[in-house]
Amino acid sequence: MVDDDISGTVDSNANQPAQRLRQVLERVLHEGNVLALREHAINTIEIGLAYGVSALFICEGHLMNELNNARHVVVDPHQTTGFKNCGLQLLEEAGASHLIEFHAEESQILSFRDFVDF
């Protein structure tokens, strides 16, 4: 179960705005990894891939759980046209593309029953 408090801890001594921003960014991105790990998620889904950073963290959680049948479903109709496939390329470069099931359709037209167990 996801914690209700997502505020996390930011070092109040980090007086530089860039340091505080980095701390929050690292914590938020890491939460995808933690969720996949803690919940032993087999199937995860993400709407919008963009540059693929959050997908990398989620895939890291899948790999750390060592579940052979884990997959991360990604839905992004703008990956090719808006992002020149850079998110997919980053996942390939990281060696995580085997975990990805990519759909270029808009999320509202997909039947999610095909992807996850309800």
Of all residues in segment 39-92, which are polar (S, T, N, Q) and under 10 Å from the mean Cα position of the chain (by Cα)?
-> THR44, SER54
Criterion: at pLDDT below 95, exposed (fewer than 15 other Cβ atoms within 10 Å of the Cβ) and in contact with a Leu (Cβ under 8 Å, 6 or more places away or on another chain) - qualifying residue of VAL53, VAL116 = VAL53
Could you please tell me which pairs satisfy a Cβ distance under 6 Å, a separation of 6+ or placement on different chains, a first residue in segment 81-99 that is surrounded by 17 or more Cβ atoms within 10 Å (Cβ to Cβ), and a second residue that is hydroxyl-bearing (Ser, Thr, Tyr) and not in a helix (DSSP H, G or I)?
-> GLY87/TYR51
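The values are calculated or read from the model by the stated rules, or taken from the named source; none is laboratory data. Computed from a prediction, not measured in an experiment: that's the story for all the values here. Here Cβ is always computed from backbone atoms with ideal geometry, including for glycine, and neighbour counts include all displayed protein chains.
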